[in-house]
There are 2 protein chains.
Amino acid sequence: MTLSREPAEPAKATLLVEVKAPGNPLPTLGEDESYTLEIDGTHATLRAAQSVGALRGLETVLQLLQGDRDGWYLPAVTLSDRPRFPWRGLLIDVSRHWMPMEVLERNLDGMAAVKLNVLHLHLTDDQGFRVESRRFPRLHEQGSDGLYFTHEQLRELIAYAADRGIRVVPEFDMPGHVSSWLVGHPELASIPGPYTIERKWGIFDPTLDPTREQVYQFLDGFLGEMAAIFPDPWMHIGGDENTGNYWRVNPAIQSFMASNRLADSHALQTYFGDRVAKLLQKHGKKMMGWEEILHSTLPKGAVVQTWRGPKALAETARQGHTGILSWGYYLDHMLPAALHYTVDPLPADAKRMAEEANRWVPASWYHRFRFKPPEASAVVREQDAARVLGGEACMWAEYVDPETLDSRIWPRMAAVAERLWSPREVTDVKDMYRRMARISVQLEELGLMHERSGDLLLRRLAGSSEPGPLRVLARLVEPVKFYDRQVQFKEAMQGTPLTRLVDAARPESLEARAFWGSVDDLLADTPRFDRGADQLTRTLHQWREIHPELARTLERSPALHEARPLGGALLVLAETGLEALSYLRSGTAPRQGWREQALQRIDEASRPQGQVELAVIQPLRELVLAAALQPEAPTLPAAEWHARVKTEALAAIPKPPEKKKK
Amino acid sequence: MTLSREPAEPAKATLLVEVKAPGNPLPTLGEDESYTLEIDGTHATLRAAQSVGALRGLETVLQLLQGDRDGWYLPAVTLSDRPRFPWRGLLIDVSRHWMPMEVLERNLDGMAAVKLNVLHLHLTDDQGFRVESRRFPRLHEQGSDGLYFTHEQLRELIAYAADRGIRVVPEFDMPGHVSSWLVGHPELASIPGPYTIERKWGIFDPTLDPTREQVYQFLDGFLGEMAAIFPDPWMHIGGDENTGNYWRVNPAIQSFMASNRLADSHALQTYFGDRVAKLLQKHGKKMMGWEEILHSTLPKGAVVQTWRGPKALAETARQGHTGILSWGYYLDHMLPAALHYTVDPLPADAKRMAEEANRWVPASWYHRFRFKPPEASAVVREQDAARVLGGEACMWAEYVDPETLDSRIWPRMAAVAERLWSPREVTDVKDMYRRMARISVQLEELGLMHERSGDLLLRRLAGSSEPGPLRVLARLVEPVKFYDRQVQFKEAMQGTPLTRLVDAARPESLEARAFWGSVDDLLADTPRFDRGADQLTRTLHQWREIHPELARTLERSPALHEARPLGGALLVLAETGLEALSYLRSGTAPRQGWREQALQRIDEASRPQGQVELAVIQPLRELVLAAALQPEAPTLPAAEWHARVKTEALAAIPKPPEKKKK
């Protein structure tokens, strides 16, 4: 369609937008984002109290657009919509890997499409100081490898975000996470320098010295400069993961603590936090920080960002502070969208939420991690609920660069966005995935690279514009979960290219999900095992057929060396699956010992290679156990038998070796 | 590989770069771009006279990088390399469709990779004035829809290009192609305004009035302002496609012509050109223009850009002027890379070059266009050869936007770049395609979108992240050639979305090329018809098998409405091809009438739909004629029989209906 550039007369307009007031010049926490939308056979009318509501409504109009063989249309609807939480954010870490303007801008476009309203920029950390300081130019000159935002760029970015109803909250992490500050300003450090930009990943000791006035004078100047650039009332000062090690080894700091009756590093950090809060106040800003900042002297108006579990959020609210939830929304953990979607800042039932979330913990972590049912003290009390402002998903940047960032944020971010906008009762995971697939395609129109980046990497790895079987493999693997990528490849650092199979793999394989869906269909269809069988057979045959070419592709490139065992593993899975299917379909009991051999083959195929794991392991285990348990199928109700298969398949997951106690 | 950030000591370096002198601060026409490269078992040494040569050599090093199962390596080579032509350019039209900074920057990266050294920016035209003028701000304010480059952006772009050894030559097209100028400055026009930005495509009448001093005063100011921004010695003032219509209807202009003894519009344009050349000279610039500027008073040092045929280039050089070739390098014509690769600014044999180029004219144009063997006057004389500076490929922007631009430039541009850099004798088309496929993948690493953009459009059209059969179809079609897109869809204008199947299709289908290769293999393998048969059968079966799903996909989306007949057409081709194959493989003569029916079915399938055409029509005709001519195969030498099949397949292309004579 070619749309006219000229607005129509209101009486003739097919889409009429009515806004009562322009609203705030800049997006503001808690402003009215509501709108109503009425679409009938001839007109659409969007009404909002202020322009930001109209923006949100227009995104809904775009989402409603549908086509069939007769043409495009908007379905007739009458809806009244408003966000559940006023703080719906995405943190992007631009320190560990630099993200230039266009990357942030396209992600802001994506955020606007799913009605998010806060971009949290993690601007400084050990690995890079990403903002120009005109007062202290050595900060960005020596701490950034030349990769930082100028003042003009920041203003442009803030305006770009504001045009989309999105606030920008800057974070300057302190007193830890400051190696990059200290390269140019070692005089601020807790022990003498020199310091260099940190290239590795982890938690490091360099820390500001909270005992010297010079440090506060410096921060006064720096935060004042930043306060003039960032218009949002909140400024995030980090406050997380301070090891305290350098405080302990410096006698001057120890003696300061003694004379000021500061019992330990926590007390010293509180002292530091109080001083910084006063500086922020001086510059007209309120404090925001990670949950470590929560203490009795925290000033009112502060926002606490909780990240280690639900307890800190409940505690924050109980103490009368406002807080947001980031625990459960760490996109760098490479978890399925369903898990993030399940986590709710104010769950109807916290215990049930934990149980539900556990359903979505990847099988490879079954024995290693469970969400615990929270203690009573970890549940936000009803009277504190209004202090829970919302949440923020976190995109930490150890393993993302401008090329792969989008594929780690999108489309999973859309599921978190819905959790923070829509009513608590909207929890249908299957329907969420259906809608996520749709919006994923729409998000591409905004320039997001999440679909494209994987194919690009695969073409490069295969050295061919048609990666063929390598693409089939890549769609069936996922990066290892939580922090296992670091554990399994300790050499990784800032300069390590993110151009491997693990980078081409998506955090969540939707192909594996679809495969599992077919297995579910099949196993629910006792005793015929007919439903889904064709699809499963086709898929398993494909895995088997591509093997020779896949093996050749993996063989050819040194960059694919680490992934070579996956070629054989996929073949083993295909053959094992076809055997199980044949037992099930023919109604034959497997031969003696087959179950154990099959499970062992699957265990071997489940080993991560090159920090990816095949994401179809658990449905294969279910197929094997179904074949083994087939004789009992006629004796049990279908659902009961299927549940038993699933339970045994979980029990078949090998336990990791116990760690030796010291 | 993680490369070290620290330079090694020269004695230990694995790659040593030796540059004798830094060279010019800005890239300069004719500067020394040569380099030598020696790679042995342990070291690589790159030597250049100046840094731009080292840049060119480093691109070669990157191209040489190879991998096998044992790791990465550079092959041992000793080479001495230098460009054949000093002017190797790409024109990007940013007027008809706006291209923002990042689009140009990533294309500059691509240009550097293939050793191009001129970016020609077509900055103004009827459809948009794309450069900020501080002297005459109404130019960009009223002529650009807000889409223009600021002075700062232009300086950034020029610096970005210079870092890559690329000159930026700006074009301000005049006295025609100026609608966008006249919106804010109607007083410059040949007839009274008001004027609006032109939204349609074509050649239009708005023209500067060359008879008024006010116009020259204006141009003096404007060109002076631009001369201060663009450092290159040449400034392109267009000069093409002036209809002269508005000159003819203005009595004041006619009377000026009479009193100045200017016989016709050409004479008046020459007068205008002479005046503009003097202004350029005043501002320290030399003139460049399209071939229409060639006339006896053209100042020395001017560069003539020839675009309508080889004759103007020969004439330019004969008259003592320097020129470059753009005829044969129009990327918007959607022609195969082989055709552009065949066109040489200084061919060894012009007649042969025309014959060779005709081999690559698409079959759908077989009866409509042939390159003519040039007359003697159209051949550059040996003594004039040094005045042929090189060439420029032209990317006119009627049908490209920031999303699709790259896929129209790349990878075909690499073939033109090689023609302009490498020795005239390097003409192996098959090997060119082999290398083009390789470099296409490498170009993606630089951020170019040529591979990605088609898939993005297909996902959007299919409304699914796996477009499946639609992708198979899209890879087998090509946009219609030359200006047929406009002829077949006259409603197209600036605001028309470029998001259709024709935009997802590549200018040249490499899949169709591969298919034709298999047909060639098969038909060369008389009388067994064995070679390539498996591949062909697989491909034809695939076309047949995807039909039901393809038909459903085409049915579902209104945006695919226009492409619906292609679903059936592909099925017909598959069935016809399989029939032919079966006759050939079984050694059976086709039944009576089959040949005619089959050819008729193919003719029907060859009809463009939605401005795309199936690119496998001609190999299918060859299969049909091979089946029909099979009885004669044993009686003729294989090559002769194969040639006969090809000749008859060409003869089978239906002639377009004759136009009625008026």
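Residues in region B:206-234 that are in a loop (DSSP other than H, G, I, E, B) and either in contact with a Gly (Cβ under 7 Å, 6 or more places away or on another chain) or surrounded by fewer than 20 Cβ atoms within 10 Å (Cβ to Cβ) (or both): B:Thr207, B:Arg212, B:Pro231, B:Pro233.
The residues listed here are B:Ile237, B:Ile203, B:Ile191; of these, the one that is closer than 24 Å to B:Ile324 by Cβ, part of a loop (DSSP other than H, G, I, E, B), aliphatic (A, V, I, L, M) and touching a residue at least 24 places away in the same chain (Cβ under 8 Å) is B:Ile203.
When region B:456-474 is filtered for residues that are open to solvent by 10 Å² or more (accessible area, probe 1.4 Å), within 9 Å of chain A (Cβ to nearest Cβ) and assigned to a helix (DSSP H, G or I), the ones remaining, listed by number, are B:Arg460, B:Ala462. Being of a type in the set (Phe, Trp, Tyr), within 14 Å of another protein chain (Cβ to nearest Cβ) and touching a residue at least 12 places away in the same chain (Cβ under 8 Å) is not true of A:Trp396. Scanning region A:540-587 for residues that are in contact (Cβ under 8 Å) with a residue 40 or more places away in the chain and over 17 Å from A:Ala474 (Cα atoms) yields a count of 10. Of the residues in region A:255-272, not one is within 29 Å of the chain's Cα centre (by Cα) and β-branched (Val, Ile, Thr). Of the listed requirements (1) in contact (Cβ under 8 Å) with a residue 60 or more places away in the chain; (2) under 26 Å from A:Lys286 (Cα atoms), A:Asp332 misses just one: (2). Go through the residues of region A:594-609 one by one and say whether even a single one is small (Gly, Ala, Ser) and over 30 Å from A:Ala492 (Cβ atoms). Yes.
I want to confirm something. Restricting to region A:522-545 and keeping residues that are among the β-branched types (Val, Ile, Thr) and more than 14 Å from chain B (Cβ to nearest Cβ), which single residue is nearest to A:Lys646 (Cα to Cα)? Lay out the reasoning, then the answer.
Of region A:522-545, the ones among the β-branched types (Val, Ile, Thr) are A:526, A:537, A:539.
Then drop every residue that is not more than 14 Å from chain B (Cβ to nearest Cβ), which leaves A:526, A:537.
Values: A:Thr526: 14, A:Thr537: 20 Å.
Out of the qualifying residues, it is A:Thr526.
Taking the criterion of being away from every other protein chain (no Cβ under 13 Å) and open to solvent by 30 Å² or more (accessible area, probe 1.4 Å), the residues of region A:550-569 that qualify are A:Pro565, A:Gly568.
Scanning region B:614-662 for residues that are among the β-branched types (Val, Ile, Thr) and open to solvent by 20 Å² or more (accessible area, probe 1.4 Å) returns B:Thr635, B:Thr647.
Scanning region A:369-412 for residues that are of a type in the set (Val, Ile, Thr) and open to solvent by 50 Å² or more (accessible area, probe 1.4 Å) yields a single hit, A:Val379. Within region B:301-356, count every residue that is out of contact with any His (no Cβ under 6 Å at 6 or more places or on another chain), among the β-branched types (Val, Ile, Thr) and open to solvent by less than 10 Å² (accessible area, probe 1.4 Å). So the answer is 5.
The rows are residues; the columns are (1) more than 14 Å from chain A (Cβ to nearest Cβ); (2) of a type in the set (Lys, Arg); (3) touching a residue at least 60 places away in the same chain (Cβ under 8 Å).
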position: B:Lys12; (1), (2), (3): yes, yes, no
position: B:Asp40; (1), (2), (3): yes, no, no
position: B:Thr60; (1), (2), (3): yes, no, no
position: B:Arg96; (1), (2), (3): yes, yes, yes
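Among the residues of region A:623-646, which ones are outside any loop (DSSP other than H, G, I, E, B), more than 29 Å from the chain's Cα centre (by Cα) and not aliphatic (A, V, I, L, M)? Write out each step before concluding.
Just the residues of region A:623-646 that are outside any loop (DSSP other than H, G, I, E, B), to begin with: A:623-635, A:638-646.
With the extra rule that they be more than 29 Å from the chain's Cα centre (by Cα), the set shrinks to A:623-635, A:638-645.
Of everything in region A:623-646, those that are outside any loop (DSSP other than H, G, I, E, B), more than 29 Å from the chain's Cα centre (by Cα) and not aliphatic (A, V, I, L, M) turn out to be A:Gln630, A:Pro631, A:Glu632, A:Pro634, A:Thr635, A:Glu640, A:Trp641, A:His642, A:Arg644.
Considering only region A:67-92, state which residues are in a loop (DSSP other than H, G, I, E, B), away from every other protein chain (no Cβ under 14 Å) and in contact with a helix residue (DSSP H, G or I) (Cβ under 9 Å, 6 or more places away or on another chain). A:Pro75, A:Arg82, A:Pro83, A:Arg84, A:Phe85, listed by residue number. For A:Gln611, the conditions (1) surrounded by fewer than 23 Cβ atoms within 10 Å (Cβ to Cβ); (2) under 36 Å from the mean Cα position of the chain (by Cα); (3) away from chain B (no Cβ under 14 Å) all hold with the exception of (1).
When you scan region B:150-166, do you find a residue that is part of a loop (DSSP other than H, G, I, E, B) and either basic (Lys, Arg) or over 28 Å from the mean Cα position of the chain (by Cα) (or both), even just one? Yes: one or more hits. One residue stands out in region A:440-450 among those that are under 18 Å from A:Gln63 (Cβ atoms) and surrounded by 22 or more Cβ atoms within 10 Å (Cβ to Cβ): the one that is nearest to the other protein chains (Cβ to nearest Cβ), namely A:Glu444.
Candidates are the residues of region B:440-462 that are aliphatic (A, V, I, L, M) and under 17 Å from the mean Cα position of the chain (by Cα); the one that is nearest to B:Arg359 (Cα to Cα) is B:Leu443.
Of everything in region B:87-103 that's surrounded by fewer than 17 Cβ atoms within 10 Å (Cβ to Cβ) and not charged (D, E, K, R), which residue is farthest from B:Arg199 (Cα to Cα)? Steps first, answer last, please.
Taking region B:87-103 first, the residues surrounded by fewer than 17 Cβ atoms within 10 Å (Cβ to Cβ) are B:100-102.
Now drop any that are not not charged (D, E, K, R), which leaves B:100-101.
Details: B:Pro100: 19, B:Met101: 22 Å.
Ranking the qualifying residues of region B:87-103, first place goes to B:Met101.
Within region A:135-155, the set of residues being open to solvent by 100 Å² or more (accessible area, probe 1.4 Å), under 19 Å from A:Val168 (Cβ atoms) and touching a residue at least 12 places away in the same chain (Cβ under 8 Å) comprises just one member, A:Arg155. Scanning region B:475-503 for residues that are under 20 Å from B:Trp543 (Cα atoms) and within 13 Å of another protein chain (Cβ to nearest Cβ) yields a total of 1.
The single condition among (1) over 20 Å from B:Glu398 (Cβ atoms); (2) open to solvent by 10 Å² or more (accessible area, probe 1.4 Å) that B:Val169 does not meet is (2).
When you go through A:Leu313, A:Leu346, A:Leu280 one by one, which is the residue that is in contact with a Gly (Cβ under 6 Å, 6 or more places away or on another chain), among the hydrophobic types (A, V, I, L, M, F, W, C), touching a residue at least 24 places away in the same chain (Cβ under 8 Å) and not in a strand (DSSP E or B)?
Working: A:Leu346 fails: in contact with a Gly (Cβ under 6 Å, 6 or more places away or on another chain); A:Leu280 fails: in contact with a Gly (Cβ under 6 Å, 6 or more places away or on another chain).
Criteria check complete, one pass: A:Leu313.
Scanning region A:579-590 for residues that are touching a helix residue (DSSP H, G or I) at 6+ places or on another chain (Cβ under 6 Å), in a helix (DSSP H, G or I) and open to solvent by 30 Å² or more (accessible area, probe 1.4 Å) turns up just one, A:Tyr583.
The values are calculated or read from the model by the stated rules, or taken from the named source; none is laboratory data. Just so it is clear, the model here is predicted, and its values are computed rather than measured. Neighbour counts are summed over all protein chains in view; Cβ atoms, including those assigned to glycine, are modelled from backbone coordinates with ideal geometry. Protein only, heavy atoms only, side chains kept; ligands, DNA and RNA dropped before computing areas. Shrake-Rupley method; radii C 1.70, N 1.55, O 1.52, S 1.80 Å.
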